[in-house]
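So the structure is just underneath, and the comments pick up after that.
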Amino acid sequence: MNVRESFKTELKNRFQALTDMENVESETIEENWRKIQTAFTEPSDSVLGFKEKNKKDWMTQQTLEKIRERKNVKEAMNACKTQARKVELQNKHAEKNREVKKSVRRD
């Protein structure tokens, strides 16, 4: 039996049990909703299981350091008072920006 068929039969069995318990009037909506949720989640957990993901760090420390350097250059550029210094820092910021982008692509 394939996965789809086994999931369908598990789900059908769970909902059959829910329809048998339908006559109970003392249950609240929340309890009914919880039963419906478990009717879906338990068969999927038992039939399909869980897929574990291997997560790695998105950016290396070297990349984070380059980002900090770029930020410092940007702050200095915004705080400078002379136009010549601002142009110099803009060029430096553009270079740092290229370095950051290359480093992120490598990661």
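Rule-based calculations on the coordinates, nothing more; no lab input. Please read all numbers here as calculations on a predicted model, not as lab measurements. Note that each Cβ is placed from the backbone with ideal geometry, even for glycine, and that neighbours are counted across all protein chains shown.
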- Task: Provide 60, 41 in ascending order of the number of other Cβ atoms located within 10 Å of each residue's Cβ, fewest first.
- Result: 41, 60
- If we count GluC sites (Glu not before Pro) as exposed when they sit in a DSSP loop and have at most 10 other beta carbons within 10 Å, what is the longest stretch of the chain that avoids them all? 53-107
- Residue (of 58, 90, 13) at the positive-pole extreme of the chain, dipole from beta-carbon charges: 90
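Only counting other Cβ atoms within 10 Å, I'd like 67, 36, 29 sorted with the fewest neighbours first.
29, 36, 67
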- Query: Could you name the lysines in cross-link range of residue 8, using Cα to Cα under 22 Å and dropping any fewer than eight places away on the same chain?
  - Reply: 35, 51
- Query: What is the order of 3, 73, fewest Cβ neighbours within 10 Å to most?
  - Reply: 3, 73
- What are the lysines whose alpha-carbon lies under 23 Å from the alpha-carbon of residue 102, with same-chain residues fewer than 8 places away excluded? 55, 56, 66, 71, 74, 92
- Message: I'm checking a number: the convex hull volume of the Cα atoms of the chain, normalised per residue, in Å³. What is it?
- Response: 190 Å³
